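To start, the structure itself, in structure tokens.
Values in this text are rule-based calculations from the coordinates and carry no lab data. Everything quoted here is computed from the prediction, not taken from an experiment. Counting neighbours? That spans all protein chains shown, and the Cβs are built from the backbone with ideal geometry, glycine included.
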Amino acid sequence: MAQKFAIVTGASRGIGLAVAHYLASKNYNLILISRSSVNLIAAKHEIVHNYPDIDIHEYAFDISDVCKVAKFIKNITMGLKIDVLFNNAGVLHEGTVFIKTSDLQNLMNVNLIASYEIAKTVAEIMMKEKSGYIFNCASMSGVRALENLGGYAASKFGVIGYSQAMEKELSKYGVKVSAICPAVVNTDMTKNNTLKQKLPTDDIVLTIDYLLNISKYAKVSTISIENIDHVI
């Protein structure tokens, strides 16, 4: 039975599911969080089929209800040592000048505030253990904004900002923090993007593998993963 524990949000598909498979292959027990219980159960069965010795806890929870996020994370991690957080759940709404206020609020709630609440709550656990790695999934849109994605970019700029500050504060406790900034990845979220060469989710997995295996003396606060011919 594996002894290490990892939390993956947005775990039922796309990047989150790919990273969950990778962590299971490295003998991490898993806490999987997603809004869709149906997709989450399917993801769990898929991982258990490949890694039957892994202990998996799945929780269907809508992180847009930001006032309940911290309490939820505290409840499901009670008594556990968390080694890795892959803080990945997010939404995408288009618009800058003409974005609906409700869409902008949803972007900020899910991509920024809930993401921060999850990272902060897990950080408190890791600080006590003086170890752990927090990966906050941002976006290349948080590095270079594009037209018609101003609201989304604002939320992801925020993720990078709090990640960089958190990295400085937590390093003295032996906890690492990295903001992962992929461009267009081949997932359901980007199905309407017409870019021909989208990044495979395996590229994100390889990035996580690299970061987990560099020495404890090395740090990468922000890492960008770009398409060859396009950036989003």
Checklist outcome for this item: Scalar couplings 3J(HN,Hα) for the range 34-43 by Karplus 6.51 cos²θ - 1.76 cosθ + 1.60 (θ = phi - 60°), nearest whole Hz, x for Gly and Pro, are 7, 6, 8, 5, 5, 5, 5, 5, 4, 5
Checklist outcome for this item: Env charge @ V220, Cβ radius under 15 Å, K,R +1 / D,E -1, value +2
Checklist outcome for this item: Note to self, the chain gives a 222 nm [θ] from helices alone (DSSP H runs n ≥ 4, -39500 (n - 2.57) apiece, / all residues, nearest 500) of -12500 deg cm²/dmol
Next on the checklist: Positive end of the dipole of the chain, charges at C-beta (+1 Lys, Arg; -1 Asp, Glu), about the Cα centre: which of A60, S139, L85 has its Cα farthest in that direction?
Outcome noted: L85
Checklist entry - Taking the Cα centre of the range 4-225 as the origin, how large is its charge dipole in debye, to the nearest 20, when only Lys and Arg (+1) and Asp and Glu (-1) carry charge on their Cβ atoms? => result 440
Item to check | Reported label for calculated Cα Rg over 2.2 N^0.38 Å given (i) 0.95; (ii) 1.08; (iii) 1.13 | outcome: (i)
Checklist outcome for this item: Given Cβ charges of +1 for Lys and Arg and -1 for Asp and Glu, the option among S37, G150, V220 whose Cα lies farthest towards the positive end of the dipole of the chain is V220
Next on the checklist: Ignoring chymotrypsin sites (Phe, Trp or Tyr not before Pro) that are buried or in helix or strand per DSSP, and keeping those with at most 10 other beta carbon atoms within 10 Å, what is the longest stretch of the chain between them?
Outcome noted: 99-216
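What's the local net charge at Y152, with K and R +1, D and E -1, over the other residues with C-beta under 12 Å away?
Working: positive: K156; negative: E94, D103, E147.
Overall, the nearby charge balance is -2.
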